[in-house]
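Q: To start, I am sharing the structure in question, which I have written as structure tokens.
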Amino acid sequence: MKREIYKSQVKDAGTHGMLQIIKEVAFSDDPRDLGYMADNVPCQRACPASTNIPGYIRCITEGRYGRSYELNRIYNILPATLGRICSRPCEAACRHGEHDLGQSVNICHLKRAAADLKPGMHRIKEDLYAPSGKSVGVIGSGPAGIGAAHDLAVFGHNVTLYESMPEAGGMLRYGIPAFRLPRDILDLEIGNVLRLGVDLKVGVMVGHDVMMKDLLKKHDAVITTVGCMAPNSLGVDGESLDGVISGLDFMVRTNLGQPVPIGKRVIVVGDGFTAMDCARSSLRMGAQSVRINILSTEEFMPVDAHEIHEVKVEGARIYSLVTTHRIHGSQGRVEGIEFLRTRLEDTPDGRGRIAVPIENSAFVMEVDTVIAAIGQHPTVDFGQPLVMNGQRIGVQPDRFLTSVDRLYAAGDCVTGASNVISALASGRKVAQEVDERFVGRRRRTQMVRFEAAEQTDREREYDFIRPVAMPTLAVSDRFDVGENEVEKGYREVEAKRESLRCYLCSLKYEIDVSRCIYCSMCIDVAPRDCIKMISGVSENSDGTYGDYGETGNWNEVVAIAIDNKRCIRCGQCYDVCPMDCITITKTELVEVDREE
């Protein structure tokens, strides 16, 4: 652990002199401290980009929207974009969503609020490294490519971004409809990356317009982030009929403004975000009947409840427990789709459920267009032999280097189809690996930052605030202009109210055992079983702390301890302690420069 003392001066209004303020801050890379953050700040741990969620939410409670936006941008590069379309793994991990505590904080909505409500004069800033003279080519300008390009430019390297489509953004632009992600928002945040000196070349397909071997000659390193651009097949008869289209092709053509005749009756096969986007886009294109047919049930759909609600509100219907059997048509044109009903059974290992077709349960639905949104896989045609991992690009264990020297791969082309925040985080990680190759060491690392805090001003009544719903456009106003953004964003009063719900899990409560008199008053006032009499603490094999050894026998008690995994930071123990032996420390998982 290293410890730093920061000193600052402020004017004394009474004497016109100066007051010296000393603030002590400690940084640690001790496995116990890193393990503490993983266990006790579950939202940040769940975020693939390790976004400092309690930090930026706290800024919103204080009305510091610009600072909140910057805290986001340090980690996830595209806060306004992700605040609209992120898959929200943080919310599934939010402590407020535990069964006895209510519903998770609307973390993603607050990310967007920081972007929407920041001052008009807000100026972003970057901590840039000195120019290195090294050159990197990044193939693909989707989330992984944007994340890699940004960090490489910050590290001082010359970056060229190669994009096969007419504009940058990858699936952010061509796979997501404008009513979920307005293009001016996307343009602004991509522009904030390009302004760092990134050279964007559009309409360039590697393997066709330029060969990989030529890029490797031109650049000191090349990173491919081509994603998953090949749609998965339904694998049934009739799939080649006119009127059967993949969800990816449908969204790309729609977002390019190309005409896609769909008729009046549309059936979407699939249960993910692309399937929902296809259904909602079809309604905006004039379809009178849109049905979403899913293999399992709504309970197991990989989209959030809000998305399911919106697709239903707009007029689509979801049919559960069906699987595509064959597609019917005549004269080369689709006319109907035949399904089998399914039932859910436990998997052989007992860890999940699987949909099993039911014999003699076939039925046919008439249809004008079938949209198969059942996922994608990578396609690699660089004219360069690569070791593959099935359909994905193979990389070295725990690294991003491929079988070709100086050629790296990141994002969905390595992992398979994932989500935007995971792809972006992957792009940032590969940038660190390439930078390490150039300079011979890792220049950035994660550490835990500790700063003493006063009593939290979080009130117990905040625990009972109901989640603030995202204001949305009236359904009647959504279809006049198909690109009208449906979610309107929080106003300041709504953002403040939702932010108050956060438990601020980054606040660490500790009892100084040398001063504790074991009066148990803190235990008596705790609203949860978060303060415990313990006989010891186990240690995991990786050096992190394990579980408390609880005991009810006073002869075995070695300490009264606060279990921060159960604590809701109400501060009642702090207020009632007669010995002032409870301290509060603000903890943050941050990226810092490594010392040489």
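The values are calculated or read from the model by the stated rules, or taken from the named source; none is laboratory data. Bear in mind that the values here come from a model prediction, so they are computed numbers and not experimental data. Heads up, the Cβs are rebuilt from the backbone with ideal geometry, glycines too, and the neighbour counts pull from every protein chain shown.
Q: Specify the residue that is nearest to Ile517 (Cα to Cα); the eligible residues are those in the stretch 545-587 that are polar (S, T, N, Q) and not in a strand (DSSP E or B).
A: Let us first name the residues in the stretch 545-587 that are polar (S, T, N, Q), namely 551, 553, 555, 564, 572, 583, 585, 587.
Then keep just the ones that are not in a strand (DSSP E or B); that gives 551, 553, 555, 564, 572.
Values: Thr551: 17, Asn553: 16, Asn555: 15, Asn564: 21, Gln572: 17 Å.
Across the stretch 545-587, the extreme among qualifying residues is Asn555.
Q: With a cut-off of at least 1 residues that are touching a strand residue (DSSP E or B) at 6+ places or on another chain (Cβ under 9 Å) and basic (Lys, Arg), name the strands (runs of 3 or more DSSP E) lying wholly within the stretch 352-438. Break it down stepwise before answering.
A: Numbers: elements: 353-357, 363-366, 369-372, 407-409.
So the answer is 353-357.
Q: Taking the conditions exactly as written (in contact (Cβ under 8 Å) with a residue 24 or more places away in the chain and acidic (Asp, Glu)), does Asp575 satisfy them or not? Spell out the reasoning first.
A: Numbers: in contact (Cβ under 8 Å) with a residue 24 or more places away in the chain: yes; acidic (Asp, Glu): yes.
The answer is yes for Asp575.
Q: Can you tell me which residue among Asp277, Asp242 is outside the structural domain of Gln432 (by TED's automatic domain parsing) and touching a strand residue (DSSP E or B) at 6+ places or on another chain (Cβ under 9 Å)?
A: Details: Asp277 fails: touching a strand residue (DSSP E or B) at 6+ places or on another chain (Cβ under 9 Å).
When all the criteria are applied, what remains is Asp242.
Q: Within the bounds of the stretch 140-157, is there any residue that is in contact with a helix residue (DSSP H, G or I) (Cβ under 7 Å, 6 or more places away or on another chain), in the same structural domain as Gly489 (by TED's automatic domain parsing), outside any helix (DSSP H, G or I) and surrounded by 19 or more Cβ atoms within 10 Å (Cβ to Cβ)?
A: no
Q: When the residues of the stretch 130-139 are filtered to those that are in contact with a helix residue (DSSP H, G or I) (Cβ under 8 Å, 6 or more places away or on another chain) and within 22 Å of Val439 (Cβ to Cβ), which remaining residue is surrounded by the most Cβ atoms within 10 Å (Cβ to Cβ)? Give the derivation first.
A: Taking the stretch 130-139 and keeping what is in contact with a helix residue (DSSP H, G or I) (Cβ under 8 Å, 6 or more places away or on another chain), we get 132, 134-139.
Then drop every residue that is not within 22 Å of Val439 (Cβ to Cβ), which leaves 132, 134-138.
On the way: Ser132: 16, Lys134: 19, Ser135: 16, Val136: 27, Gly137: 25, Val138: 31.
Here the residue is Val138.
Q: Does Glu510 satisfy being within 18 Å of Arg458 (Cα to Cα) and either among the charged types (D, E, K, R) or in a loop (DSSP other than H, G, I, E, B) (or both)? First the steps, then the outcome.
A: Values: within 18 Å of Arg458 (Cα to Cα): yes; either among the charged types (D, E, K, R) or in a loop (DSSP other than H, G, I, E, B) (or both): yes.
It is true that Glu510 is within 18 Å of Arg458 (Cα to Cα) and either among the charged types (D, E, K, R) or in a loop (DSSP other than H, G, I, E, B) (or both).
Q: Restricting to the stretch 363-378, name every residue that is at pLDDT below 95 and crowded, with 21+ Cβ neighbours inside 10 Å. Please lay out each step first, then the result.
A: Going through the stretch 363-378, the residues at pLDDT below 95 turn out to be 375-378.
Within the stretch 363-378, Gln376, Pro378 qualify.
Q: Tally the residues that are surrounded by fewer than 20 Cβ atoms within 10 Å (Cβ to Cβ), in contact (Cβ under 8 Å) with a residue 40 or more places away in the chain and more than 28 Å from Tyr174 (Cα to Cα), restricting the search to the stretch 390-448.
A: The total comes to 11.
Q: When you go through Val493, Val590 one by one, which is the residue that is outside any loop (DSSP other than H, G, I, E, B), closer than 24 Å to Cys90 by Cβ, in the same structural domain as Leu34 (by TED's automatic domain parsing) and out of contact with any helix residue (DSSP H, G or I) (no Cβ under 7 Å at 6 or more places or on another chain)? Full working, then the answer.
A: Values: Val590 fails: in the same structural domain as Leu34 (by TED's automatic domain parsing).
Criteria check complete, one pass: Val493.
Q: From Asp199, Asp187, Asp237, which residue is surrounded by fewer than 21 Cβ atoms within 10 Å (Cβ to Cβ), within 20 Å of the chain's Cα centre (by Cα) and among the charged types (D, E, K, R)? Walk me through how you get there before you give the answer.
A: Numbers: Asp199 fails: within 20 Å of the chain's Cα centre (by Cα); Asp237 fails: within 20 Å of the chain's Cα centre (by Cα).
After ruling out the rest, the residue left standing is Asp187.
Q: Identify the residue in the stretch 258-297 that is over 25 Å from the mean Cα position of the chain (by Cα) and on the phi > 0 side of the Ramachandran plot and, among all such residues, is surrounded by the most Cβ atoms within 10 Å (Cβ to Cβ).
A: For the stretch 258-297, the residue satisfying everything is Gly263.
Q: Restricting the search to the stretch 268-285, which residues are in contact with a Gly (Cβ under 9 Å, 6 or more places away or on another chain) and assigned to a loop (DSSP other than H, G, I, E, B)?
A: Matches in the stretch 268-285: Gly270, Gly272, Met285.
Q: Ok, one more. Would you mind telling me which numbered condition in (1) over 26 Å from Arg406 (Cα atoms); (2) in contact (Cβ under 8 Å) with a residue 24 or more places away in the chain Leu216 fails?
A: (1)
Q: Can I ask one more? If you scan the stretch 320-360, which residues turn out to be touching a residue at least 60 places away in the same chain (Cβ under 8 Å) and exposed (fewer than 10 other Cβ atoms within 10 Å of the Cβ)?
A: Filtering the stretch 320-360 down to residues touching a residue at least 60 places away in the same chain (Cβ under 8 Å) leaves 324-329, 332-334, 337, 355.
Once the filter is applied, which keeps residues that are touching a residue at least 60 places away in the same chain (Cβ under 8 Å) and exposed (fewer than 10 other Cβ atoms within 10 Å of the Cβ), the stretch 320-360 yields only Gly332.
Q: Another question about this same structure. Could you please let me know if Cys516 is crowded, with 16+ Cβ neighbours inside 10 Å, out of contact with any Asp or Glu (no Cβ under 9 Å at 6 or more places or on another chain) and farther than 26 Å from Phe464 by Cβ?
A: Against the criterion (crowded, with 16+ Cβ neighbours inside 10 Å, out of contact with any Asp or Glu (no Cβ under 9 Å at 6 or more places or on another chain) and farther than 26 Å from Phe464 by Cβ), Cys516 qualifies.
Q: Turning to a different aspect of this structure: Hey, among the residues in the stretch 309-349 that are among the β-branched types (Val, Ile, Thr), at pLDDT 95 or above and not in a strand (DSSP E or B), which one's nearest to Ala275 (Cα to Cα)?
A: The first filter runs over the stretch 309-349 and keeps only residues among the β-branched types (Val, Ile, Thr), leaving 311, 313, 318, 322-324, 327, 334, 337, 342, 347.
Remaining after also requiring at pLDDT 95 or above: 311, 313, 318, 322-324, 327, 334, 337, 342.
Next, from what is left, pick out any that are not in a strand (DSSP E or B): 311, 313.
Working: Val311: 10, Val313: 16 Å.
Among those that are among the β-branched types (Val, Ile, Thr), at pLDDT 95 or above and not in a strand (DSSP E or B), it is Val311.
Q: Could you grab the pairs with beta carbons closer than 6 Å, sequence gap of 6+ or different chains, first residue in the stretch 155-167 and polar (S, T, N, Q), second one surrounded by fewer than 24 Cβ atoms within 10 Å (Cβ to Cβ) and not in a strand (DSSP E or B)?
A: Every condition considered, the pairs that remain are Ser164/Met205.
Q: Is it true that Met447 is within 30 Å of Ala305 (Cα to Cα) and either assigned to a loop (DSSP other than H, G, I, E, B) or under 23 Å from the mean Cα position of the chain (by Cα) (or both)?
A: Details: within 30 Å of Ala305 (Cα to Cα): no; either assigned to a loop (DSSP other than H, G, I, E, B) or under 23 Å from the mean Cα position of the chain (by Cα) (or both): yes.
When the stated conditions are applied, Met447 does not pass them.
Q: When only residues in the stretch 85-103 that are farther than 19 Å from Cys530 by Cβ and outside any helix (DSSP H, G or I) count, which is farthest from the chain's Cα centre (by Cα)? Explain how you work it out, then say what you get.
A: Let us first name the residues in the stretch 85-103 that are farther than 19 Å from Cys530 by Cβ, namely 85-92, 103.
When the remaining residues are screened for being outside any helix (DSSP H, G or I), the result is 86-88, 103.
Working: Cys86: 5, Ser87: 6, Arg88: 5, Gln103: 19 Å.
Once the filter is applied, the top-ranked residue is Gln103.
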